[in-house]
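Taking it in order: structure first as structure tokens, then the write-up.
The values are calculated or read from the model by the stated rules, or taken from the named source; none is laboratory data. Worth saying up front: this structure is predicted, and the values here are computed from it rather than measured. Neighbour counts run over all protein chains shown; Cβ positions are idealised from the backbone, glycine included. The accessibility values were calculated without ligands, DNA or RNA, using every heavy atom of the protein model including side chains. Shrake-Rupley method; radii C 1.70, N 1.55, O 1.52, S 1.80 Å.
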Amino acid sequence: MLETTRTYVARITNHSQVRDDLYQCGFSASKLWSVGRYYIQERWDDDGEIPDEAELKSELKCHERYSDLHSQSSQRVLEELAEAFNGWYNFDDGTNPPGYRKRGDRHPGSTVTWKKRAIKHDDKHGQLRLSKGFNLKESRSDFILAEYETRPDVEVENIQQVRAVWNGDEWELHLVCKKEIPVEDAPGANTAGIDLGISNYLAIDYEDGPSELYPGNVVKEDKHYFTREEYQTEGENGPSNRAQKARQKLSRRKDHFLHTLSKHIVDRCVEEGMEKIAVGDLSDIREDGDGDSRNWGQSGNKKLHGWEFDRFARLLEYKAEEHGILVDRLDEENTSKTCSCCGQIRDSNRVERGLYVCSSCETTMNADVNGAVNIRRKIPQSPPTGDMSNGWLAQPRVFLFDRESGRFTPREQGVCKP
């Protein structure tokens, strides 16, 4: 059996009864976002620093807006704000930073996320009890009791998160569930390793096969163009129709890229006879085991939170399972520092963003591919091969995304000389 994650969209059947409560929560999420946005602006003006999510949570947990929502829901709002700022900072494309969630004198209802601690599920009657924040409770036992309905073929169980989303006409629930799915026969017995990155969206290494790079330049170009379009057309009373269309088009293009990339990777794994795909696990990067925020330092937070690693991994999981391929998320510790040929661990071996040069065996290779090889080896626990003693390694194949065809096409490269 394969354990994976699924998100189901559910209609709220008692919408008229819970609409006001959900809007109140969505309004509070927008207010908290704006409070956090104001705090970031002050820090930026004072010392030129952007606070990470750990600082946002620490500084704002006593603010009255924080207590409007359940503590984990408030944490998620601030996590999203930190992600938005870090993504803007990392792209460095000259666009404006994330704005306040306000249209004139109104604060639109934002998406609200409840985590496991704030959810009670009655699967027999199709009901979800969602906790309110202290400030919004009329009594200690006050909560939102939403009755939901999904497709007949959907079995809702093991709920990890519930998101209330305004779709333009009404509120709907997005239910994130853990599922166990029977696995078909895999197309082979080998393992592939994937290292997720920023400049290169991912690098993949196939056991007994080639290595490949997938640059993320198309995503960066789209973000630069459509974000600039959005802010240039935004009026005093909030986003214009043109700005909203630009935002929607950017979202659609990003969705298309991620779906196309995940499908392409699975197809390549079928061609190469893979049984398992090892992916660096970054899902717990925001929290420790107790659900509290983890602080990786300002630079680390900016780099890591700009990725949509979790979403891509989820797309990869459900596409791979259709072919009987298991996607295993593994700890990435030391995979970028370790030489995949001799096993030496040293920070200085990564001499540039894209170049890894081992000071021991003199192996030279693409740094992201080196990380992918080390991630792949974490599954069979095989030792370094030590078969690259001459320090020469063929560069990986590079696959570029073509907008016209909507496909990834290979671009051949030569040899990397130390």
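Quick one: would you say Y206 is under 29 Å from M274 (Cα atoms), crowded, with 16+ Cβ neighbours inside 10 Å and among the aromatic types (F, W, Y)? Don't jump to the end; show me each part of the working.
Working: under 29 Å from M274 (Cα atoms): yes; crowded, with 16+ Cβ neighbours inside 10 Å: yes; among the aromatic types (F, W, Y): yes.
Yes, satisfied.
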Does region 367-377 contain any residue that is modelled with pLDDT of 80 or more and either in contact with a His (Cβ under 8 Å, 6 or more places away or on another chain) or not in a helix (DSSP H, G or I) (or both)? no
Flag if G193 is at pLDDT 80 or above and touching a helix residue (DSSP H, G or I) at 6+ places or on another chain (Cβ under 7 Å): yes
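If I filter region 1-40 down to residues being among the small types (G, A, S) and either without any contact (Cβ under 8 Å) to a residue 24 or more places away in the chain or in a strand (DSSP E or B) (or both), which single residue comes out as most open to solvent (accessible area, probe 1.4 Å)?
S16
For region 378-403, which residues satisfy the criterion of being under 18 Å from A278 (Cβ atoms) and at pLDDT below 75?
Residues of region 378-403 under 18 Å from A278 (Cβ atoms): 378-385, 396.
Within region 378-403, P380, Q381, S382, P383, P384, T385 meet the criteria.
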Looking at this structure, is L78 closer than 21 Å to L60 by Cα, outside any loop (DSSP other than H, G, I, E, B), aliphatic (A, V, I, L, M) and at pLDDT 90 or above? yes
Considering residues that are at pLDDT 90 or above and either charged (D, E, K, R) or open to solvent by 30 Å² or more (accessible area, probe 1.4 Å) (or both), the number found within region 138-147 is 3
Would you pick out the residues in region 156-167 that are outside any strand (DSSP E or B) and either of a type in the set (F, W, Y) or open to solvent by less than 50 Å² (accessible area, probe 1.4 Å) (or both)? V156
Condition test on L128, is it assigned to a strand (DSSP E or B), at pLDDT 85 or above and open to solvent by less than 40 Å² (accessible area, probe 1.4 Å)? yes
Do we find a residue being over 30 Å from E272 (Cβ atoms), open to solvent by less than 50 Å² (accessible area, probe 1.4 Å), modelled with pLDDT under 75 and not in a loop (DSSP other than H, G, I, E, B) anywhere in region 302-311? yes
For region 140-161, check the following and say yes or no: at least one residue is farther than 23 Å from S74 by Cα and among the hydroxyl-bearing types (S, T, Y). yes
Taking E172 as the residue in question, decide whether it is outside any loop (DSSP other than H, G, I, E, B) and under 16 Å from F27 (Cα atoms). yes
Which of (1) in a helix (DSSP H, G or I); (2) at pLDDT below 90; (3) open to solvent by less than 40 Å² (accessible area, probe 1.4 Å) does P51 not meet, given it meets every other one? (1)
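Please verify whether G406 is under 24 Å from the mean Cα position of the chain (by Cα), among the small types (G, A, S) and modelled with pLDDT of 80 or more, treating the condition exactly as stated.
yes
Do we have T13 as of a type in the set (V, I, T) and at pLDDT below 90 here?
Values: of a type in the set (V, I, T): yes; at pLDDT below 90: no.
Here the answer is no, as T13 does not meet what is asked.
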